[in-house]
Structure formats: structure tokens, C-alpha cells
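Here's the structure, in C-alpha cells; my notes come after.
The values are calculated or read from the model by the stated rules, or taken from the named source; none is laboratory data. This is a predicted model, so every value here is computed, not measured. Note: ideal-geometry Cβ built from the backbone for every residue, glycine included; neighbour counts use all protein chains shown. With ligands, DNA and RNA removed, areas are computed over all heavy atoms of the protein, side chains included. Shrake-Rupley method; radii C 1.70, N 1.55, O 1.52, S 1.80 Å.
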Amino acid sequence: MQTPISPVIPLLCLLALGCVDRPPTSGEGEAAGRPDLEALTPPERMERLVTVLAADSMEGRATGSDGARRAARFIARELESYGVEPGVDGLFIQEIPLYRVRLPNGRERVMVVGTAGVPEGAEILEEMRDGNVIGAIWGPSGREAGEAVILGAHFDHVGIGRAVEGDSIYNGADDDASGVAVVLEVARLLAGEGPQARTVLFLLTTGEEVGLAGTRFYIDHPVVPLERTVADLQVEMVGRPDSLAGGHGRAWLTGFERSTLGDALAEAGIALVPDPRPDQRFFFRSDNIAFARLGIPAHTLSSYNLHPDYHRPSDEADTMDYGHMAEVTKSTAAAVRILANGEPPRWHPGGQPGTPATGAGSGGGRP
């Protein structure tokens with residue numbers, strides 16, 4: 001989750017990101033000797049996923065880094081192992097070309113190549129590569145027709161930074177390995193059910209921490225046309241219970257009152273409640289906002305309780321509550337089934353956010 005701030009390149013054999021079927025390197029998971037996921041309890045499956053994604057070997061998963069690319073390969077292999085189909089022309093990874101630039105004010109920034117162009121006076125320091133991971137359970141009409149819903153989470157974090165008590169790796173277990181783990185587990189569950197009425201896309205993005213770069217790239221290069229994308233649900237920071245949401249196993253939804261999705265969840269008795277901290281403007285601080293500003297009903301599911309490990313090296317895998325995450329997974333899967341099979345959500349009058357003012361950041365923009 002962000003702090004408040006005011007041509008798809010073909011990936012042949014995943015190029016720099018590596019082939020999905022190659023043996024993993026240390027810290028990327030288990031290709032040989034992989035545990036039988038069905039033999040693990042849901043909390044154990046959550047723990048396995050977060051432990052890999054938030055390992056020190058992932059180096060904090062900064063956008064464009066080796067650690068982020070390792071995380072992308074791991075996520076792609078997971079989706080493939082569940083029987084989820086690749087979403088990008090037979091591939092799971094949608095490669096994103098990036099620049100690391102130094103702005104005239106001396107600050108560095110990661111930018112997608114070929115979008116708005118390098119700012120005047122900026123110096124290109126490095127060409128980088130990263131990628132979104134996209135899996136699909138195609139609906140009855142296949143990929144060429146029919147509507148789609150997106151279930152997403154970002155796998156990037158902030159990398160290696162200032163050491164705190166000797167630890168300089170910002171592991172990002174809650175932000176957002178926890179959300180990725182829930183999306184992966186929902187993908188595993190739904191893959192076992194077969195097609196829903198609509199296509200379900202599992203969109204694991206990079207670059208949320210640098211201005212929603214991965215989501216913005218996906219919007220420019222969608223797998224299913226945006227006019228046929230009826231909803232986006234992001235999962236962000238669900239590793240710990242939030243007492244204001246009801247505690248263990250319960251989560252909240254940003255913008256609950258903005259669309260009919262909140263009404264449908266309440267009617268179905270799903271354990272999701274309205275965001276209890278609207279003053280934090282979380283609706284505007286995650287990947288959902290990029291979809292919402294285009295008119296697609298889009299919300300973020302979370303149980304972030306403002307814990308002190310946010311964006312610190314102490315956001316480690318052993319601080320997560322995996323039983324809580326397993327319960328949140330059930331609610332997330334139920335919400336996705338509603339989106340995939342029920343009436344498309346609609347904005348309530350005044351619920352759709354407006355376009356941000358020119359130059360506004362991705363978070364904290366005006367509603």
C-alpha cells in the first residue's frame with residue numbers, strides 16, 4: 001500500500017525473467033520435493049507462500065530488481081501448478097520495460113518506458129525489466145468474448161534500505177506478500193471449480209510502490225478489453241486482524257458505500273465491512289484507484305490495522321496471523337464468486353471517483 005502522496009514486449013521464454021519451468025534458485029520455492037498442498041491446512045498454505053515471498057533472498061522485491069523478478073517467477077509457477085491458464089499469449093508474465101531516472105531535484109524514480117516520456121532534465125540511469133504475472137480461468141466464451149473480473153494484489157515492495165536494528169531488508173510480508181498469498185489461494189480454489197460465468201483474471205502486479213506502474217501498464221495493455229472488465233478487487237495487507245473490522249478472520253473494503261458491491265457482500269453475509277478509517281483515504285492508495293478512475297467498480301480488501309511495522313524491515317513472515325489469513329481467503333473467494341456470477345456491480349450516484357488534478361500522485365488525489 002502506498003503512503004499518501006500528493007507496446008507489450010513479447011516475453012519469449014520469459015526472457016530476463018526466466019522460464020517458468022526451469023529449476024528455481026534458492027528462495028524461490030520448491031520445484032523438486034514440493035509439498036502436497038492438499039495435505040497442508042489452509043493456514044499452512046498461507047505461511048508457505050508468505051515465507052517464500054518475504055524471504056531475505058527476495059531482497060525486498062523492489063520494482064525492477066532481481067528479487068522482484070524471482071518473486072514473479074515463483075508466482076507464475078504457483079499459478080501454473082494449480083491449473084490456472086496463462087493470461088498473456090500463452091505466458092504468465094507480461095514484461096514491463098522500465099527506466100530508473102534521476103530527476104532534476106536529485107531524487108530517483110522508476111518509470112515505465114514509453115508512457116509519458118522521461119521528464120525534461122531527467123537523467124536515465126539504468127534500463128530495467130520487471131513484469132506483471134497474469135493467470136486466467138476463462139469463462140464459457142473464452143478469452144475472445146464475454147466479461148471478466150480481476151482479482152489482484154501487488155508483489156513488489158520497497159527493497160533494501162536504511163538499516164533498522166541491523167536489518168536493511170524490507171521484506172514486505174504484510175505489504176503485500178499477504179495479499180498475493182490470498183490471491184494465489186483463491187486461484188487454487190477456483191481452478192478446482194472450473195469456469196465461472198465470467199472470466200476471472202488473477203493480476204499480480206509490480207510497481208505499486210512506485211506509482212502503480214504495473215497496473216497502469218496493464219491498463220494500457222489489457223488481457224481482456226477494459227470495456228468488458230466489470231470489476232476489480234485488490235487484496236492488500238491482510239496479514240493481521242483489525243479490531244475495528246471485528247478481529248480474527250474479518251476484513252474491510254475500501255469504498256464499500258461507493259458501489260453495489262458493498263450491498264451484494266452484505267446481502268450474502270460475507271465477513272467484509274466498510275473501511276473503518278475513511279480519514280486514511282485507503283480507497284485512493286492502492287491499485288484499485290487506477291481502475292476506478294476509468295469507471296470500473298474497483299475496491300481494495302484489507303485488514304491493515306495501522307501496525308508499526310508498515311514499510312519497515314520488521315514486516316517479516318513470522319509476524320503474520322495465518323489462521324486469520326485463511327479466513328480472509330474464504331471471504332475473498334466468496335466475493336469473487338459474486339463478481340464472477342452475479343449482477344455486475346454499479347457505482348452508486350456520486351460513488352465513482354473523479355480524475356485527479358494534473359500532477360497529482362496516485363494516492364491522496366481528490367475524490
Linear extension gain, THR319 paired with LEU103, 0.36 nm per residue minus alpha-carbon span: 74.1 nm
Return the carbon/sulfur percentage of the accessible area of the chain, one whole number, probe 1.4 Å, all protein chains in place. 52 percent
Simple Cβ-charge dipole of the chain, Lys/Arg +1 and Asp/Glu -1, about Cα centre, in debye nearest 20: 740 debye
Taking the Cα centre of the range 176-239 as origin, sum charge times position over the Cβ atoms of Lys and Arg (+1) and Asp and Glu (-1), and report the length of that vector in debye to the nearest 20. 240 debye
How large is the helix-only mean residue ellipticity at 222 nm for the chain, computed as the sum of -39500 (n - 2.57) over DSSP H runs with n ≥ 4, divided by its residue count, in deg cm²/dmol to the nearest 500? -7500 deg cm²/dmol
Which length gain, in nm to one decimal place, applies between ASP220 and ALA145 when the Cα-Cα distance is subtracted from 0.36 nm times their residue separation? 25.1 nm
Cα gyration tensor shape of the range 118-239, rounded if a/c is under 1.5, else prolate or oblate by comparing a/b with b/c: oblate
Length released on extending from LEU244 to LEU40, taking residue separation times 0.36 nm less the Cα-Cα span: 70.4 nm
Per residue accessible area in Å² of the range 210-251, where ligands, DNA and RNA are left out and the probe is 1.4 Å: 32 Å²
Probe 1.4 Å, all chains present, heavy atoms only: TRP252 accessible area in Å², nearest 10, is 0 Å²
Given the options PRO313, TRP347, LEU265, identify the residue whose Cα lies farthest towards the positive end of the charge dipole of the range 247-362 (+1 on Cβ of Lys, Arg; -1 on Cβ of Asp, Glu). TRP347
Going by a ≥ b ≥ c, the root eigenvalues of the Cα gyration tensor, does the chain fall in the rounded group (a/c under 1.5), the prolate group (a/b larger than b/c) or the oblate group? rounded
Which of rounded, prolate, oblate describes the range 79-118, given a ≥ b ≥ c as roots of the alpha-carbon gyration tensor eigenvalues and a/c under 1.5 marking rounded, otherwise prolate only if a/b is larger than b/c? prolate
